[in-house]
Amino acid sequence: MLTPTSPFQPASSNRRIVIGDVHGHYDTLNLLLEAIAPNSEDQVYFLGDLIDRGPQSSQVVELVMTHKYNCLLGNHEHMLLETIGQGGINSHQLQGWLYGGGYSTLVSYDHHIPQEHIDWMKTLPTYLDLGDVWLVHGGIDPNIPLEEQTAQQFCWVRDDFHAMKKPYFEDKLVITGHTITFTFPGVLAGKLVAGEGWLDIDTGAYHPQSGWLTALDLSTETVYQIHRQHKTKRVLPLADAVVKIDPSVVRAKRSRQKVS
């Protein structure tokens, strides 16, 4: 069984780089990409939540589209599509999306999101299986057969996934974003969190209690981080950046503190 401290199994000599939730922080993302310096042969994967909360969602989406980076559907893209992606405005979904950070996205687009960007978001997969790792935005619901799960589970699940007492896959490490790592008990801002067969790299770039945007180079097991406010760069071995969490403490903590 792979763990966050054991060697990953590269499919080729090219690097595989996974980037956590950007949430509209384009300038911070550019600094992170400068630090990583991927070449045209490297594979870059975004875990979703490119948009909302931060001031430059439109620029983030344009960058990922232009470079043809791999990207998953996050719960914030899911909210946008549920609100305005069906050929009109879903008034039942609108307030929830705006309250969850969507208003800043509308402002970044000058209140008109181009159909090209909406259509692109509709093509985003809910997960990617890379062989030794399985990328998904939120996680997997262990109570539902995998083939029956949809964006509702893959983009939104939290407690049932994080509280698993055994890995979901025997031969894959699940890598997620979605849940900010400092919301787990005893975890400091900027640290990554590992559970039973999963690794969470959403360090809360938008959140005032953190500000760290994180990328993981699977090929070298290296963590790259940029701090949104003061532009500090950190490059750490994966083993030094991870906190192991006891699944038994997850539910009590998350029931008191909800961060999306």
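The values are calculated or read from the model by the stated rules, or taken from the named source; none is laboratory data. Predicted model, so just to flag it, every value in this text is computed and none were measured. Cβ atoms come from the backbone with ideal geometry, glycine included; neighbour counts cover every protein chain shown. To get the accessible areas, we keep the full protein, side chains included, count just its heavy atoms, and leave off ligands, DNA and RNA. Shrake-Rupley method; radii C 1.70, N 1.55, O 1.52, S 1.80 Å.
Couple of notes before you dig in:
- Candidate set: the range 222-238, residues that are in contact (Cβ under 8 Å) with a residue 60 or more places away in the chain and part of a loop (DSSP other than H, G, I, E, B); chosen: the one nearest to Q209 (Cα to Cα): R228
- Flag if P185 is without any contact (Cβ under 8 Å) to a residue 24 or more places away in the chain and assigned to a loop (DSSP other than H, G, I, E, B): no
- Residue match in the range 199-213 (condition: part of a loop (DSSP other than H, G, I, E, B), in contact (Cβ under 8 Å) with a residue 24 or more places away in the chain and either farther than 25 Å from H76 by Cα or among the basic types (K, R) (or both)): no
- Subset of the range 79-135 that is of a type in the set (D, E, K, R) and in a loop (DSSP other than H, G, I, E, B) - its residue that is farthest from H207 (Cα to Cα): D132
- Condition met for G96 (open to solvent by less than 30 Å² (accessible area, probe 1.4 Å) and in contact with a helix residue (DSSP H, G or I) (Cβ under 9 Å, 6 or more places away or on another chain)): no
- Across the range 199-215, the qualifying residues are those that are touching a helix residue (DSSP H, G or I) at 6+ places or on another chain (Cβ under 7 Å) and not charged (D, E, K, R), and the one among them that is nearest to L135 (Cα to Cα) is A215.
- Yes/no for F169 being without any contact (Cβ under 8 Å) to a residue 40 or more places away in the chain, aromatic (F, W, Y) and part of a loop (DSSP other than H, G, I, E, B): yes
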